[in-house]
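Notes to accompany the following structure.
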Amino acid sequence: DPAMESSDPASAYEAFMAGWSRKAAREFVRWLALPEDLDWLDVGCGTGALCRAILDLAAPRSLCGVELSEEYIAHARAALPDPRCRFVTADATDLPETLGRFDGAVSGLARNLVADPTAALRCMARSVGQGRVVAAYEVGALAEFKKWVVRNKGTAASLAALVLLGVGGSLLFAWQSG
């Protein structure tokens with residue numbers, strides 16, 4: 001596939017995953033059903049699929065996308081020129097204090113791409129106020145994902161839900177705490 005041979009990793013990702021990734025993000029935001037006018041943090045935002053879903057469906061006051069890849073951040077900035085949205089290049093396991101506090105911290109399809117997902121979860125929990133939402137979704141082996149969620153449920157807050165969302169013939173595992 002010529003698109004996958006692109007020297008730009010963000011374009012290659014978009015060519016391969018964009019359709020499915022956008023559908024998954026939209027299902028996740030619908031499932032969260034959070035009120036409008038919140039400040040959101042998307043950790044591991046990649047090319048911006050979850051950010052787009054938040055902007056389209058959740059009417060946020062503000063949205064900060066964090067991603068380690070400069071190429072992905074550049075793609076997300078170009079694709080989402082919304083004044084409510086900003087993008088920061090940072091490591092999910094070492095989020096800068098200068099990002100501020102958020103009503104909700106979310107992550108989509110990033111757990112397997114982070115060197116230490118538990119450290120990333122701790123950073124997400126520190127970024128939100130008491131009783132706020134920390135939520136993520138992933139595709140993969142359900143048993144492994146359940147174990148990871150249960151092992152880390154005290155890290156963010158009590159576990160509120162673990163669900164299966166069917167997206168394009170695939171199972172999407174999502175959890176929410178707060």
Here the qualifying pairs (Cβ atoms under 6 Å; residues six or more apart or on different chains; first in segment 79-104 and within 11 Å of CYS64 (Cα to Cα); second open to solvent by 40 Å² or more (accessible area, probe 1.4 Å) and among the β-branched types (Val, Ile, Thr)) come out as none
Kindly indicate which of ALA25, ALA92, ALA79, ALA74 is more than 21 Å from SER127 (Cβ to Cβ), in contact with a Gly (Cβ under 7 Å, 6 or more places away or on another chain) and at pLDDT 85 or above.
ALA79
What's the number of the condition VAL133 fails, among (1) within 25 Å of ASP8 (Cβ to Cβ); (2) crowded, with 21+ Cβ neighbours inside 10 Å?
(1)
Taking THR98 as the residue in question, decide whether it is over 16 Å from ALA120 (Cα atoms) and of a type in the set (Val, Ile, Thr).
yes
What are the residues in segment 39-74 that are aliphatic (A, V, I, L, M) and either out of contact with any Leu (no Cβ under 9 Å at 6 or more places or on another chain) or open to solvent by 40 Å² or more (accessible area, probe 1.4 Å) (or both), if any?
ALA53, LEU57, LEU68, ILE73, ALA74
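The values are calculated or read from the model by the stated rules, or taken from the named source; none is laboratory data. This one's a predicted model, so the numbers in the text were calculated from it and none came from an experiment. Don't worry about glycine lacking a Cβ; one is built from the backbone with ideal geometry, like all the others, and counts go over all protein chains shown. The area values use the complete protein model at the heavy-atom level, side chains included, leaving out ligands, DNA and RNA. Shrake-Rupley method; radii C 1.70, N 1.55, O 1.52, S 1.80 Å.
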